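Q: Pasting in a structure now, in structure tokens, and then I'll have a few things to ask.
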Amino acid sequence: MLQPIGSHARYIQSVLRGTAGNDSPGTPDYVKRSWLRCLTQYHLDPQSQREPYVLPRDERLARKERSLELVSFADAEMAHLYHQLAGSGYSIILTDRDGVLLDYYGDLSFRNAAFRTGLVLGAVWREEHGGTNGMGTCLFERAPLIVHRDQHFFSRNTGLTCCAAPIFDYRGDLVAVLDASGESDRAQQHTLVLVNMSAQMIENRLFLYRFKDEFVVRFHSRPELVGTWGEGIIALDPAGAIAALDRNALFQLGVKNASELTGAPLERVFNISLSALIGRSQKKSFHPLPIYDARHGGRFFAIAQAPQSKRALASKQRLARIEELPAADPGRSPLDELDFGDPRMARNIQAARRTQSREVPILLLGESGT
């Protein structure tokens, strides 16, 4: 299988044969599968010293041009993740579906190692070129994973720790990988959790942009998580039929495939119609509302949004109404604006007016939202 010519090659061979005495707590199965692919399918040499493969400049620019939407939505999340990991020695990397490095936030302490290992724009990190590595192996496994130091196939990469998570589109196709790579040996699992959360946020942003001209329902079993990386999102057409569901929506609803619900009305999923949910969302200023799973009775919290074009039109109409209001009477004070004819409120205003010249704080108590 392998003609060992170096210590790392011998290590890979011993692990695959089950004779590695220091393989503790154990090499992950996905790493072993990747090593076998590198040896038997790609015919790679662990000790190879060939330069990492980088696309020609024109092809690199053309590929990034085609991925502008992905890169633009990923950029803010990459910057946020980079700051979360600041000082830990990790750099944040985005590759496309082919493992081509599109964007990069680099830790200065890691800059030299990055160039040495090929973590540069346009570098190709598919396993065929990069061996076992976070980005390339994640593309193959389609799941979040860590490739730590000696688990890399090429000996030149064994100083790296890579935490990678996939990004899918609304059809479930893998479109990118988000990765944190560095020479740091700290907080691997914690880093992977953060990378996976950021990847999910990018996925959510892509989904919402793709369906910006459709009705959207965003939900979660906990109201404070609506609008976060963990929310489920359902897009519906103008007739109220389900057009698409993201991964989180499928998971929370216990549905294996989106086709089970595509084309069905929202009432198939929740105990409320789309029009009713939109109306209630508007009345409650888009705070998550309790709704129930129509099939199993589980409680969720949700908001519904109209297409972006309709929201923009409604915003313009509200602004126009405000501009049409008569100008305020300069002789009236802010306290006078609170007087709508209620006798009790009039007495409160009179009491407050007597304190105006004394700089006494006034506390107004009322129902939430008033």
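The values are calculated or read from the model by the stated rules, or taken from the named source; none is laboratory data. Being a predicted model, the structure only gives us computed values, none of them experimental. Positions of Cβ are backbone-derived with ideal geometry, glycine not excepted, and every protein chain shown enters the neighbour counts. These area figures cover heavy atoms from the full protein model, side chains too; ligands, DNA and RNA do not enter into them. Shrake-Rupley method; radii C 1.70, N 1.55, O 1.52, S 1.80 Å.
Q: Going by accessible area, probe 1.4 Å, with all protein chains left in place, what is the ranking of H190, H8, H296, largest first?
A: Ranked list, largest accessible area first: H296, H190, H8.
Q: Quick check: with the 1.4 Å probe, what order do D237, D293 take by accessible area, largest first?
A: D237, D293
Q: For a quick check: with amide H placed at 1.01 Å from N, whose amide H comes under 5 Å from N271's, ignoring anything fewer than 5 positions away on the same chain?
A: Y292, A294
Q: A follow-up question, please. Check G131: other-chain or 5+ apart residues with amide H under 5 Å from its amide H, H built from backbone geometry?
A: It is none; the list stays empty.
Q: From the backbone phi of the range 76-84, what are the Karplus-calculated ³J(HN,Hα) couplings (6.51 cos²θ - 1.76 cosθ + 1.60, θ = phi - 60°) in whole Hz, Gly and Pro given as x?
A: For the range 76-84, the Karplus-derived couplings read 5, 5, 5, 5, 5, 5, 4, 6, 5 Hz, x marking Gly and Pro.
Q: Separate question: For the range 170-311, give the percent of accessible area contributed by carbon and sulfur heavy atoms, probe 1.4 Å, rounded to a whole number. Working shown, then result.
A: Values: 3470 of 6670 Å².
Roughly 52 percent, rounded to a whole number.
Q: Can you run phi through the Karplus equation (6.51, -1.76, 1.60; θ = phi - 60°) for the range 297-309 and list ³J(HN,Hα) in whole Hz, with x for Gly and Pro?
A: Karplus-based 3J(HN,Hα) across the range 297-309 equals x, x, 8, 10, 10, 8, 10, 10, 10, 6, x, 4, 5 Hz.
Q: Could you compute how much accessible surface Y170 exposes when probed at 1.4 Å, giving the result in Å² to the nearest 10?
A: Roughly 70 Å² of Y170 is accessible to a 1.4 Å probe.
Q: Roll a 1.4 Å probe over the protein chains and send me the accessible area per residue for the range 12-84 in Å². Could you put the intermediate results ahead of the total?
A: Details: 4460 Å² over 73 residues.
So the range 12-84 comes to 61 Å² accessible per residue, rounded to a whole number.
Q: Given a cut-off of under 8 Å on Cα pairs at least six residues apart, what relative contact order in percent is computed for the range 203-270?
A: 24
Q: Output wanted: per-residue J couplings in Hz (rounded whole) for the range 246-262, from phi through Karplus 6.51 cos²θ - 1.76 cosθ + 1.60, θ = phi - 60°, x for Gly and Pro.
A: Running phi through 6.51 cos²θ - 1.76 cosθ + 1.60 with θ = phi - 60° gives 7, 4, 5, 5, 4, 5, 5, 8, x, 10, 7, 9, 4, 4, 5, 10, 4 Hz.
Q: A further question follows. Classify the range 149-245 as rounded, prolate or oblate from the Cα gyration tensor: take a ≥ b ≥ c as the square roots of its eigenvalues, call it rounded if a/c is under 1.5, otherwise prolate when a/b beats b/c and oblate if not.
A: prolate
Q: Still on this structure, I have one more. Round to the nearest 10 and report in Å² the accessible area of V124, as given by a 1.4 Å probe over the protein chains' heavy atoms.
A: My reading of the accessible area for V124 is about 10 Å².
Q: Cβ under 15 Å from P265's Cβ, P265 left aside: what net charge do those residues give with Lys, Arg +1 and Asp, Glu -1?
A: Charge balance in the 15 Å sphere: -3.
Q: Going by accessible area, probe 1.4 Å, with all protein chains left in place, what is the ranking of F73, F140, F207, largest first?
A: Final ranking, largest accessible area leading: F140, F73, F207.
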